[in-house]
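Below you'll find the structure, written out as structure tokens, and then a few comments.
The values are calculated or read from the model by the stated rules, or taken from the named source; none is laboratory data. This structure is a prediction, so every number in the text was calculated from the model and none was measured. Reconstructed Cβ throughout: ideal geometry from the backbone, glycine too, with neighbour counts over all protein chains shown. All accessible areas refer to the heavy atoms of the entire protein, side chains included, with ligands and DNA or RNA removed. Shrake-Rupley method; radii C 1.70, N 1.55, O 1.52, S 1.80 Å.
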Amino acid sequence: MQKVLFLLALSVLSACHLRGEETFVNPVFYGKLESLNDLWDIKITPTTFDMDNRHGTTWHEDCEMWENEPKKVVLRCTHQLNKEQPENSKTEEHRTHVIEISSSKYINPDLGTFIVIHSYYEDETDWTARRGYLISAPDTGADISR
């Protein structure tokens, strides 16, 4: 019994340790991305992409971080589709989000950092959605480069 508890505790601790190592190179990406051209605000982590339309509707995707650079993060995300679909249809879809720090001559940099997100579905790489966001520095006390 003690061996089982020891192994269980060891696996939980190692899972927490591995998950804790996944962090953004630039902590600015932990801030809330406030939409400039649509109603969806975005919050990302190295393993999630969450959208909120400011009216109670949310969208969640589990992600894998493909790139992690000071001015660019790439997340490959999976969204589970409706389980009641016909047997031969897809049960999940994959979407890639390229989140980049950009510059805009129309936005005062004192208001926050301008972020552009390019999103595309796995089977539609010839078309991308491009949206602009303003992100305020997260409350980390870190020096954030723009």
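Please sort 62-69, 45-52 by packing, taking for each peptide the average over its residues of neighbouring beta carbons within 10 angstrom, highest first.
45-52, 62-69
With a Förster radius of 22 Å applied to the C-beta separation of Glu34 and Lys72, the computed FRET efficiency comes to 0.70. Taking every protein chain into account, the 1.4 Å probe leaves Glu124 with about 80 Å² of accessible area, to the nearest ten. Computed from backbone phi with θ = phi - 60° and the Karplus coefficients 6.51, -1.76 and 1.60, the 3J(HN,Hα) list for the stretch 66-71 is 9, 9, 8, 10, x, 10 Hz; x is used for glycine and proline. Once the C-beta distance of Thr47 and Ser103 is scaled by a Förster radius of 22 Å, the resulting FRET efficiency is 0.20 to the nearest 0.05.
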